[in-house]
Amino acid sequence: MAKYDGPITSGQLLDLFAARQSERQYLPTPVPEEALQRILEAARLAPSACNAQPWHFVVVDDPGLKNQVADAAAGKLVGLNHWTKQAPVIIAVVQEKANLTSKIGTAIKGTEFPSYDVAIAVAQLCLQATVEGLGTCIVGWFNQPGVKKLLGIPKQKTLPLLVVLGYPSAAQRDKKRKPLTDIASRNSY
């Protein structure tokens with residue numbers, strides 16, 4: 001996976017977007033602490049409605065605990081996400097309460113701004129991981145109460161996502177996306 005240093009061009013930024021993919025095969029190689037700190041810093045710097053910053057990231061890298069979280073991500077009935085045990089790190093993304101101005105905006109507009117804010121922060125986290133040569137996969141289907149209990153996250157908190165993180169063991173895939181003409185228009189729908 002490509003690694004980017006310093007100022008980047010618009011072409012390099014598009015290359016970064018193309019390089020980021022949802023990984024489901026990981027090497028057992030530990031993630032260096034310096035890389036992990038830059039990844040979390042990228043998420044911290046994300047914009048948010050009214051600067052609410054409604055997020056908290058729980059980094060799970062203790063192997064025993066990480067495997068328990070992975071078991072909760074895998075699920076017993078459907079059997080999804082069994083591959084999560086391969087990765088050395090899982091980041092639990094907790095959605096915190098918005099500040100007063102963001103809450104007012106949410107009430108007036110009927111839009112859950114903190115959910116958007118968390119999504120932006122997670123996107124930045126994943127892109128920085130790609131810059132670091134790491135792979136990620138965003139997981140939304142998991143046993144939320146089980147993970148909350150394992151990580152000591154209060155019941156009233158929202159835990160929308162897990163981000164699985166590590167060095168990918170599979171080759172880069174071709175990105176399959178709709179053509180731009182199918183998803184964008186100008187001046188009208």
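The values are calculated or read from the model by the stated rules, or taken from the named source; none is laboratory data. Since the model is a prediction, treat every value here as computed from it, not as a measurement. Don't worry about glycine lacking a Cβ; one is built from the backbone with ideal geometry, like all the others, and counts go over all protein chains shown. Please note that ligands, DNA and RNA were not included when accessible areas were found on the heavy atoms of the full protein model with its side chains. Shrake-Rupley method; radii C 1.70, N 1.55, O 1.52, S 1.80 Å.
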Quiz prompt | Under Karplus coefficients 6.51, -1.76 and 1.60, residue-wise ³J(HN,Hα) of segment 86-91 in Hz, glycine/proline x | solution = 5, 6, x, 9, 10, 10
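In nm, what is the difference between 0.36 nm times the number of residues separating Tyr189 and Leu13 and their Cα-Cα distance? Present the calculation step by step, with values, prior to reporting the outcome.
Values: separation 176, 0.36 × 176 = 63.36 nm, distance 2.74 nm.
Here the answer is 60.6 nm.
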Quiz prompt | Dipole axis of the chain (+1 Lys, Arg; -1 Asp, Glu on Cβ), positive-most option in Ile104, Ser10, Ile39 | solution = Ile104
Practice problem: Give a residue-ordered list of calculated ³J(HN,Hα) values for segment 137-152 (Karplus: 6.51 cos²θ - 1.76 cosθ + 1.60, θ = phi - 60°; whole Hz; x for Gly, Pro). | Solution: 8, 8, 10, x, 9, 7, 7, 4, x, x, 5, 4, 5, 4, 9, x
Quiz item: Can you give the accessible area per residue of the chain, in Å², using a 1.4 Å probe?
Solution: 59 Å²
Quiz prompt | Cβ charges +1 (Lys, Arg) and -1 (Asp, Glu), total dipole of segment 1-108, debye | solution = 360 debye
Practice problem: Mind checking segment 15-54 for GluC sites (Glu not before Pro) that DSSP puts in a loop (not H, G, I, E or B) and that have at most 10 other Cβ atoms within 10 Å? | Solution: none
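Please compute the net charge surrounding Gln156, taking Lys and Arg as +1 and Asp and Glu as -1 over other residues with Cβ under 14 Å from its Cβ. Working shown, then result.
Numbers: positive: Lys97, Lys148, Lys149, Lys155, Lys157; negative: Glu96.
Taking every Cβ under 14 Å from that of Gln156, the sum is +4.
Looking at the calculated P(r) for segment 43-108, what percent of the C-alpha pair distances fall above 18 Å?
On the way: 1128 of 2145 pairs.
The proportion of pairs with Cα distances above 18 Å equals 53 percent.
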Practice problem: Decide, for segment 83-152, between rounded, prolate and oblate: order the square roots of the alpha carbon gyration tensor eigenvalues as a ≥ b ≥ c, take rounded if a/c falls under 1.5, and otherwise choose prolate if a/b is larger than b/c, else oblate. | Solution: oblate
Quiz item: So if R0 is 41 Å, what FRET efficiency would Ser115 and Ala35 give, r being the distance between their Cβ atoms, rounded to the nearest 0.05?
Solution: 0.90
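As a check on your grasp of the helix formula, calculate [θ] at 222 nm for the chain: sum -39500 (n - 2.57) over DSSP H runs of n ≥ 4, divide by the residue count, round to the nearest 500. Intermediate values should be presented prior to the final figure.
Details: 7 runs with 75 residues, N = 189.
-12000 deg cm²/dmol, from helical runs alone.
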Quiz item: Which ³J(HN,Hα) values in Hz, rounded to whole numbers, follow from the phi angles of segment 175-189 under the Karplus curve 6.51 cos²θ - 1.76 cosθ + 1.60, where θ = phi - 60° and Gly and Pro get x?
Solution: 7, 9, 9, 4, x, 4, 5, 7, 10, 9, 9, 10, 6, 6, 5
Practice problem: With unit charges on the beta carbon (Lys/Arg positive, Asp/Glu negative), name the residue among Val163, Gln95, Thr29 whose Cα is farthest towards the positive pole of the charge dipole of the chain. | Solution: Gln95
Quiz item: Which of rounded, prolate, oblate describes segment 122-189, given a ≥ b ≥ c as roots of the alpha-carbon gyration tensor eigenvalues and a/c under 1.5 marking rounded, otherwise prolate only if a/b is larger than b/c?
Solution: oblate
Quiz item: Amide H to amide H, which residues 5 or more places from Ser169 or on other chains are under 5 Å from it, using H placed in the peptide plane?
Solution: Gln25, Tyr26, Leu27
Self-check item: In segment 37-144, chymotrypsin sites (Phe, Trp or Tyr not before Pro) in a DSSP loop with at most 15 other beta-carbon atoms within 10 Å
Solution: Trp141
Exercise. Mind giving me the nanometre distance, one decimal, between the label points for Ile104 and Ser169, set 7 Å out from Cα along Cα→Cβ?
Key: 5.3 nm
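What longest region of the chain stays clear of trypsin sites (Lys or Arg not before Pro) that DSSP places outside H, G, I, E and B and that have at most 11 other Cβ atoms within 10 Å? Before the final figure, lay out the partial values.
On the way: sites that count: Lys3, Lys76, Lys155, Arg173, Lys175, Lys176, Arg177, Arg186.
Excluding the exposed sites themselves, the longest stretch runs over 77-154.
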Quiz prompt | Portion, in percent, of the accessible area of the chain that falls on carbon or sulfur, probe 1.4 Å | solution = 57 percent
Quiz item: Given the chain, what percent of its DSSP beta bridges are antiparallel, to the nearest 5?
Solution: 95 percent
Practice problem: Determine the principal axes of the Cα atoms in segment 40-189, then give the extent along each, sorted from largest to smallest and rounded to whole angstroms. | Solution: 49, 40, 33
